[in-house]
Amino acid sequence: MTVLLLSYRGEPLREFGLNDRPLEVGRSRFCDIVIHDSSVADRELLIVPSGGSVYVHRLAGGQVGPACVFPYNEPISVGDQHSLVRLPQVDPAGPRDGHETDALGGDRAEQHGFSLVVGRGAGARSIALGVHPITVGSAPDNDLVLTDRSVSAHHCRVEPCRDRLMIRDLDSLNGTWVHGHRIALGWVFAGSVLRLGRTDLWVVTRDDGKIQPTTEFVAVSEEMVRVMSEVRRYAVIPWPVLVTGESGTGKEGVAQALHEQSSRCRGPFVALNAGGLSRELVESELFGHERGAFTGATQARKGAFERAHKGTLFMDEIGELPLSMQTRLLRVLESWCVRRVGGDVEHPVDVRLICATNRDLKQEVSRGNFRSDLYYRVHRLGISVPPLRNRLADVEPLAQHFLNHAENETGGRVLSTGALDVLIGHHWPGNVRELRNVVCAAAANTSSRTVHAQDIERAIQQLSGFVRPELSDERLFRVLEHHGGNRSAAARALGIPRSTLRDRIKKAAEKTSEEDP
């Protein structure tokens, strides 16, 4: 670890460790090294470890100055009276030849492989990130200029590191948001979504700017952060994945994220809902057919496996697949060759298979409805997506995310505290899909900029035919935990009197004490 020594008028003050991320030096309380000196700018220096060496950038306003090598034992002035010195350290692995005196470039540039993508479809643009930090904002002197009036002049800074990016908010007015969570400083990885004002930026693996992200995840809760961590780990492994969870939790989004973060991201992503096909069509949709194979087959057609060649095939609701098709699917997974309906030729396929189901496939195996050998074929890796009622921390950022995306159709909308309480207290049998429909309907049916509790309640009744389910102790305590133990807030969210909540807590405690030996 490199050590930086801060001195005042030549007298040592304090040492700071420099690990694998940049350090910002200045007078602002948000800097990593804060110097209380009126001659020091709010943001004065950015010190960047990279490629076995250390570099220094002078900061001026929102701009990042040219990089200079920070040598050992040579002080760099900070304001009129302070200085920083890089102290020599013994590296157990030994120095890498040439890195201490190399000009910028070379191996240092090869450490990074990220791009930022702004916009969607044909209007999207990609900005490849190199070794230098960049600033993002609406002012023309930024490295990335956004034409969005809700973006601050110098909104944030992107600081590349070896395998991730550090995002640093520059005291922006509307904040820098990562997956619906406002940050002052934080790491992001490939697949992360940033929101600046009304503009979304996707972090993707650099590939000549040709990768266009389609998957957005709002993951603030511990449960969904765990899911996204599993997605990042499993994306680089070519084995089949079984994604489980209730309807509407986002299983297809998980499959798309696995594809986009994998080495197959340039190949096709083919989605097939096995539960939405008749027994007569499922074989043709999966494996294709030759001309004349059956009535109406006027020309040959590739099936899902052939269309997904060199890419990913996502089979939703695999538990609905008839047993006869399970046998054929197993044969394909053993040989990785498909024979079209009515054909004699076997076509080799190279496909990464991702399956999803809202059923308990283990129970289906025990009941004889699903082949055990197929189960172990498709369930080599598993990801369980929790229901929305078990990750209440995601409700508010998800709701605001949907409002932001519906802004062109409904106008700008924000949620009142009462509306949020109703959202937190709802059981969400339809999960994230139901939340999206409810929030967008409430925004469309109000002329106010603020979405109120009655707007949400009306949308729930209209769209969900809502009948309040029996309140379980588990859900009661989950809502109470979400509100930090505030009984009044929890009671409002659950739509019950505070006295009822108090009595339920008391009964639950008595029940627990009776069950304890």
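Numerical summary
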| read-out | value |
| --- | --- |
| The chain - accessible surface per residue (Å², probe 1.4 Å) | 49 |
| DSSP-defined antiparallel bridges as percent of all bridges, the chain, nearest 5 | 70 |
| Most to least packed among 472-483, 163-174 [average Cβ atoms within 10 Å] | 163-174, 472-483 |
| Cα long-axis angle, helix 498-515 against the chain (0 to 90 degrees, to the nearest 10) | 80 |
| Centroid-to-centroid separation of the range 418-435 and the range 271-313 [C-alpha atoms, Å] | 38 |
| Built amide H within the under 5 Å cut-off of Ala184, gap 5+ | none |
| Degrees, to the nearest 10: 222-235 long Cα axis against longest axis of the chain | 90 |
| Protection proxy ranking, peptides 308-315, 330-337, 221-228, 450-457, average beta carbon neighbours within 10 Å, highest first | 308-315, 450-457, 221-228, 330-337 |
| Inter-part distance where the range 20-88 and the range 140-167 are each reduced to a Cα centre, Å | 19 |
| Rounded percent of accessible protein surface that carbon and sulfur make up, the chain, 1.4 Å probe | 48 |
| Packing-based order for 195-201, 322-328, 427-433, using average beta carbon neighbours within 10 Å, highest first | 195-201, 427-433, 322-328 |
| Per-residue HN-Hα couplings for the range 173-183 [Karplus 6.51, -1.76, 1.60; θ = phi - 60°; Hz; x = Gly/Pro] | 6, 9, x, 10, 10, 10, 6, x, 10, 6, 10 |
| Volume in Å³ per residue [convex hull over Cα atoms, computed for the chain] | 236 |
| Amide H within-cut-off set for Cys156, under 5 Å, with H built and near neighbours excluded | Val136, Leu170 |
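The values are calculated or read from the model by the stated rules, or taken from the named source; none is laboratory data. This structure is a prediction, so every number in the text was calculated from the model and none was measured. All Cβ positions, glycine included, derive from the backbone under ideal geometry; neighbour counts span all protein chains shown. Side chains are part of the model used for accessible areas, which takes the heavy atoms of the whole protein and leaves out ligands, DNA and RNA. Shrake-Rupley method; radii C 1.70, N 1.55, O 1.52, S 1.80 Å.
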